[in-house]
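To start, the structure under review is shown below, and the notes come after it.
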Amino acid sequence: MADRRELDIARLDQVMPEVDRLLAGYVALGKWSLGQMCNHLATAFRYSATATALPPEPTPQQTAIRARFFSARFPEGRNAPPGLDPQAGLDDRQEADALRGAIEKFSSATGPCAPHPMLGPLTHDEWARFHCMHAEHHLGFIVPK
């Protein structure tokens, strides 16, 4: 999409200042509102912090996919995995607050992280990089007014 913004979110503490800026007014270029994006991102943050045991070692295929994934921008043109498509009509501010809480919970988590459905087991630092890339991708479809 030509008008889509290219963001550079390198740390988790950069996500919420961008969301807060967008809460002041925005134009959505894609199909989701800011509230829907925050809900989607928060769901991913919460999921990643839910492991109760160490995940198994990654398969060789997952290792190869992960290497390609982390060396590029977040892939475009794919549908959200089942269960991660947010409902319509979500309140932007409420969902931004929920995202803030999910980031705080993830950032303070000390246990193992849940495996990613495609990338396999990820460390906390790898999940943090994933979340930064994920936020760049989605928030790029929102342009501040």
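Details
- Residue in region 122-144 that is part of a loop (DSSP other than H, G, I, E, B), hydroxyl-bearing (S, T, Y) and in contact (Cβ under 8 Å) with a residue 24 or more places away in the chain present: no
- Residue count, region 20-34 (criterion: farther than 13 Å from F141 by Cβ and surrounded by 13 or more Cβ atoms within 10 Å (Cβ to Cβ)): 2
- Condition met for Q14 (touching a residue at least 12 places away in the same chain (Cβ under 8 Å), polar (S, T, N, Q) and more than 14 Å from H131 (Cβ to Cβ)): no
- Residue list for region 89-118, restricted to those being touching a Lys or Arg at 6+ places or on another chain (Cβ under 8 Å) and surrounded by fewer than 18 Cβ atoms within 10 Å (Cβ to Cβ): K105
- Near pairs, Cβ below 7 angstrom, 6+ apart or cross-chain, from region 98-110 (at pLDDT 95 or above) to any residue that is of a type in the set (F, W, Y): A102/F45; I103/F45; F106/F45
- Residue under evaluation G83, criteria (1) in contact with a Gly (Cβ under 7 Å, 6 or more places away or on another chain); (2) exposed (fewer than 13 other Cβ atoms within 10 Å of the Cβ), criterion not met: (1)
- Which numbered condition A53 fails, given (1) surrounded by 10 or more Cβ atoms within 10 Å (Cβ to Cβ); (2) outside any helix (DSSP H, G or I); (3) more than 18 Å from the chain's Cα centre (by Cα); (4) not charged (D, E, K, R): (1)
The values are calculated or read from the model by the stated rules, or taken from the named source; none is laboratory data. This one's a predicted model, so the numbers in the text were calculated from it and none came from an experiment. Because the Cβ atoms are built from the backbone with ideal geometry, glycine has one as well, and the counts that use them run over all protein chains shown.
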